[in-house]
Every structure is written in C-alpha cells, then in structure tokens.
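Student: Sharing a structure here in structure tokens format.
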Amino acid sequence: MQADPEAQRLLAMPEETYMNEEQLLFFHARLLTEQAEVEAHLEEVRKAVADNERSGDELDRAAVEEELRLLLRQADRETRLLRKIRQALRRIEEGDYGYCAETGQPIGLPRLLLRPTAELCLEAKERQEQREHHYSKSRGDQ
C-alpha cells in the first residue's frame with residue numbers, strides 16, 4: 001500500500017499496539033510537516049493575491065480576476081485543511097488521536113496514513129456521507 005518504509009513498519013505492528021508512542025510520533029511529525037507546507041503555500045497565495053490587486057492592466061482584467069478567484073478558493077480549502085491539521089495535533093496531545101470521534105473505535109493505520117487528519121472511522125464517515133447525500137437530495141440539490 002505505502003512505499004514509505006516507516007509507514008510499512010507501522011502497518012506491520014500488532015493491532016494491540018495501536019497508537020503507541022512510535023505511531024503517535026510518526027503522525028505528529030507528518031502533521032507538522034504538512035502544516036508547514038500548507039502555511040508556506042498559503043503565504044505564497046497571499047502574496048499572489050496582493051500582487052494581483054496591484055496589477056492595473058485592464059486588457060487582461062478578466063483573466064486576472066479568474067486567477068484571483070481560483071487563488072481565493074484554493075486559500076479557503078487550505079485554510080480549512082490547516083484547521084483540521086491543528087485539530088489533529090490537538091487530538092494527539094489529548095490522547096484522542098486515531099480514534100473515531102463518533103464511535104470511539106480505532107480509525108485504523110491505513111486510513112490515517114492516507115488522511116492523517118481523519119476524525120471518523122470508515123463506517124462513521126460513510127454514514128455521514130449518506131446523511132449528507134440524503135439531506136441534499138431532500139432539499140432538491142441534485
């Protein structure tokens with residue numbers, strides 16, 4: 001599944017050692033790295049937005065506005081991701097990381113390796129998505 005030897009080593013650990021110190025340190029380091037990357041990219045986006053605002057070329061205004069809209073949408077997504085990363089780091093500190101916020105069951109290493117910010121186990125996430133789909137369908141959004 002993962003080419004990363006460190007991730008392979010974690011996956012090879014017995015289930016009863018779930019969220020041991022080594023696993024928590026691994027995810028803490030991974031989340032900190034991801035946080036730094038997102039913060040650096042958000043700073044780049046902020047600078048690009050500021051540069052676009054100074055651009056006064058009326059000929060390319062539509063293209064500049066479209067680029068700005070895309071940059072702002074990307075910044076919004078990354079801001080939400082940054083919030084999720086910080087919440088995951090807080091869960092590590094509080095000892096809740098790796099366990100489903102809804103059921104209390106382990107989320108599982110494979111899922112956390114793919115999405116280290118996951119708060120729900122796969123079953124709870126599927127139920128949430130079904131509820132959201134049902135709600136949007138009942139509202140006529142589809």
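The values are calculated or read from the model by the stated rules, or taken from the named source; none is laboratory data. Computed from a prediction, not measured in an experiment: that's the story for all the values here. Cβ atoms come from the backbone with ideal geometry, glycine included; neighbour counts cover every protein chain shown.
Student: Would you please name the residue that is surrounded by the most Cβ atoms within 10 Å (Cβ to Cβ), looking only at residues in region 67-98 that are within 15 Å of residue 28 (Cβ to Cβ) and of a type in the set (A, V, I, L, M, F, W, C)?
Tutor: 88
Student: Would you check if there is a residue in region 39-48 being closer than 24 Å to residue 118 by Cα, modelled with pLDDT under 95 and surrounded by 11 or more Cβ atoms within 10 Å (Cβ to Cβ)?
Tutor: Within region 39-48 (the criterion being closer than 24 Å to residue 118 by Cα, modelled with pLDDT under 95 and surrounded by 11 or more Cβ atoms within 10 Å (Cβ to Cβ)), the answer is yes, since at least one residue qualifies.
Student: Hey, among the residues in region 109-125 that are in contact (Cβ under 8 Å) with a residue 24 or more places away in the chain and assigned to a helix (DSSP H, G or I), which one's surrounded by the fewest Cβ atoms within 10 Å (Cβ to Cβ)?
Tutor: 110
Student: Can you tell me how many residues in region 94-117 are out of contact with any strand residue (DSSP E or B) (no Cβ under 8 Å at 6 or more places or on another chain) and more than 17 Å from residue 33 (Cβ to Cβ)?
Tutor: The total comes to 11.
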